[in-house]
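Here the structure is laid out as structure tokens; the discussion comes afterwards.
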Amino acid sequence: MCSRGASCKLYGEKGGLGPSTTQDLAVLGRKPLLARLLKMYTGRIARVDKYSNAHTTGVLAEEQTVDAKNANDAKASENIFVENAPAIPGLSFRHFRGDEDYPSIFEVNNGSKVADRLDHDLHTLETIRHAYGTTRDHDPRKDMLIAEVGGKMVAYNRIFLERELDGSRIYWHFGFVLPDWRGKGLGHAMIEWAEGHAREMDARQQGEGAVYASTEVHSNMAGRGELLVTEGYEPVRYEFNMETPDLAHIQDLPMPEGLEVRPAKPEHYRAIWEANVEAFRDHWGAGETAEEDFNSWISDPMNEPELWMVAWDGDQVAGSILNYVNHEYNARTGRKLGYTESISVRRPWRKKGLARALLARSMKMHKEMGMEQTALGVDTQNPSGALRLYESMGYKVVSQSTIYRKRL
């Protein structure tokens with residue numbers, strides 16, 4: 001779990017693998033980049049060639065039921081009708097079938113992001129399987145809509161539920177369309193499907209809280225915000241993606257009296273997670289948590305506990321920064337960028353300079369590892385003054401993301 005607060009690393013396409021940069025596409029072109037990623041992470045991609053092509057004002061697709069040795073790969077028999085689907089020859093819609101779909105999902109997800117100049121945020125097969133397979137209140141076999149043309153995946157949308165502490169139920173949906181298939185009405189149809197599916201999901205929920213459809217749009221996603229506004233969404237929150245120009249002038253700051261930094265060991269992980277959750281409870285978008293969230297968090301393939309900076313007051317976690325390095329991104333682009341993310345300080349230890357001291361130590365650690373810059377994301381309306389802190393430590397805004405919501 002990573003509550004939207006000071007800064008955090010998110011996977012359900014609410015932020016991805018790290019803050020945006022402005023340098024990425026100068027390194028590798030789109031097609032060579034995708035080809036290289038596919039070679040690195042997929043090997044030979046096996047595709048299934050059994051599809052249907054029904055077509056009216058919507059699209060009806062029928063899938064055949066197939067026996068599978070692995071239950072996770074079993075296909076479901078389904079009929080999917082999508083209202084107001086565009087009149088594209090050979091277009092069909094279906095749900096997620098299992099592991100066999102991940103190479104194509106990987107290709108569409110990354111192809112869409114490269115087109116939007118978001119190749120800092122590219123998945124590997126490992127991270128996308130983790131993100132989609134461990135999201136609570138999300139069943140890929142029911143909560144994903146896949147669009148194919150002539151049997152090839154060209155777009156998809158996924159939706160999942162988050163319950164906020166005020167009782168609101170937030171149905172996050174994220175869609176990806178390959179560039180050659182944009183501007184044809186697929187985005188509009190998938191948004192409508194997501195909203196309808198959210199209403200179906202919510203009919204099984206209990207409680208009187210407000211219900212919203214929600215998504216996040218990066219500033220590079222031209223036309224996406226305008227599309228959402230025409231669909232009745234409103235911008236409700238903004239996030240800055242920030243980087244340091246270099247690591248030449250790191251402040252030398254002492255730890256607050258009585259606190260010490262210790263290496264994060266496996267027996268500490270639960271306490272670190274619980275402290276992080278507690279610290280973000282008073283931030284916008286804070287949500288309920290469950291055991292599944294801890295399991296998803298601790299199994300995140302991007303975690304590097306050996307880089308975490310955790311401050312202790314006796315046996316209590318006072319605050320932490322869950323540093324990491326996106327090694328794949330650095331190798332692909334030639335950058336030396338480290339992430340200072342999930343910055344949290346519990347209430348009893350705030351206003352003591354702890355976040356600043358932990359951030360300085362984290363930046364120094366990244367520099368000693370050979371990194372040349374550090375990055376993070378921050379809620380622009382963070383109640384603890386995080387934005388001012390990061391600016392004072394040398395971080396500069398490089399891009400922005402906007403959260404849109406619509407009352408259902």
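A count restricted to segment 386-408 and to residues that are part of a loop (DSSP other than H, G, I, E, B) and more than 19 Å from Ile343 (Cα to Cα) stands at 1.
Of all residues in segment 86-136, those satisfying the criterion of being farther than 28 Å from Ser219 by Cα and among the acidic types (Asp, Glu) are Asp99, Glu100, Asp101. Sort out which residues of segment 256-282 are over 17 Å from Pro305 (Cα atoms), part of a loop (DSSP other than H, G, I, E, B) and in contact with a strand residue (DSSP E or B) (Cβ under 7 Å, 6 or more places away or on another chain), and write them in order of number. Of everything in segment 256-282, those that are over 17 Å from Pro305 (Cα atoms), part of a loop (DSSP other than H, G, I, E, B) and in contact with a strand residue (DSSP E or B) (Cβ under 7 Å, 6 or more places away or on another chain) turn out to be Gly258, Leu259, Phe280. Give Lys364, Lys352, Lys396, Lys406 a once-over and let me know the one that is closer than 28 Å to Ala210 by Cα, of a type outside the set (S, T, N, Q) and modelled with pLDDT of 95 or more. Matching residue, one of Lys364, Lys352, Lys396, Lys406: Lys406.
Among the residues making up segment 154-197, a single one is hydroxyl-bearing (Ser, Thr, Tyr) and either farther than 24 Å from Ile128 by Cβ or out of contact with any strand residue (DSSP E or B) (no Cβ under 8 Å at 6 or more places or on another chain) (or both): Ser168. Return yes or no: is Lys351 free of Cβ contacts under 8 Å to residues at least 12 places away in the same chain, surrounded by fewer than 18 Cβ atoms within 10 Å (Cβ to Cβ) and of a type in the set (D, E, K, R)? So Lys351 fits the description; yes.
Only residues that are in a strand (DSSP E or B), under 27 Å from Trp284 (Cα atoms) and without any contact (Cβ under 8 Å) to a residue 60 or more places away in the chain were counted across segment 145-181, and they come to 6.
Scanning segment 222-231 turns up no residue that is free of Cβ contacts under 8 Å to residues at least 60 places away in the same chain, of a type in the set (Gly, Ala, Ser) and buried (at least 20 other Cβ atoms within 10 Å of the Cβ). One residue stands out in segment 187-236 among those that are polar (S, T, N, Q) and in a strand (DSSP E or B): the one that is nearest to Arg407 (Cα to Cα), namely Ser214. Residues in segment 125-172 that are modelled with pLDDT of 95 or more, under 17 Å from the mean Cα position of the chain (by Cα) and under 27 Å from Ala85 (Cα atoms): Asp143, Met144, Tyr156, Asn157, Arg158, Ile159, Phe160, Leu161, Ile170, Tyr171, Trp172. Against the list (1) within 18 Å of Thr215 (Cα to Cα); (2) surrounded by fewer than 20 Cβ atoms within 10 Å (Cβ to Cβ), the condition Ala155 fails is (2). Restricting Ser401, Ser384 to those that are under 28 Å from Val217 (Cβ atoms), surrounded by 19 or more Cβ atoms within 10 Å (Cβ to Cβ) and modelled with pLDDT under 95 reduces the list to Ser384. Each residue in segment 283-300 was checked for being outside any helix (DSSP H, G or I), surrounded by fewer than 16 Cβ atoms within 10 Å (Cβ to Cβ) and touching a Lys or Arg at 6+ places or on another chain (Cβ under 9 Å), and 2 pass.
Is at least one residue of segment 325-343 among the hydroxyl-bearing types (Ser, Thr, Tyr), in contact with a Cys (Cβ under 9 Å, 6 or more places away or on another chain), touching a residue at least 24 places away in the same chain (Cβ under 8 Å) and buried (at least 22 other Cβ atoms within 10 Å of the Cβ)? Yes, the conditions are met somewhere in segment 325-343.
The values are calculated or read from the model by the stated rules, or taken from the named source; none is laboratory data. These numbers come from a predicted model, not from an experiment. With ideal geometry, Cβ positions are generated from the backbone for all residues, glycine too; neighbour counts draw on all protein chains shown.
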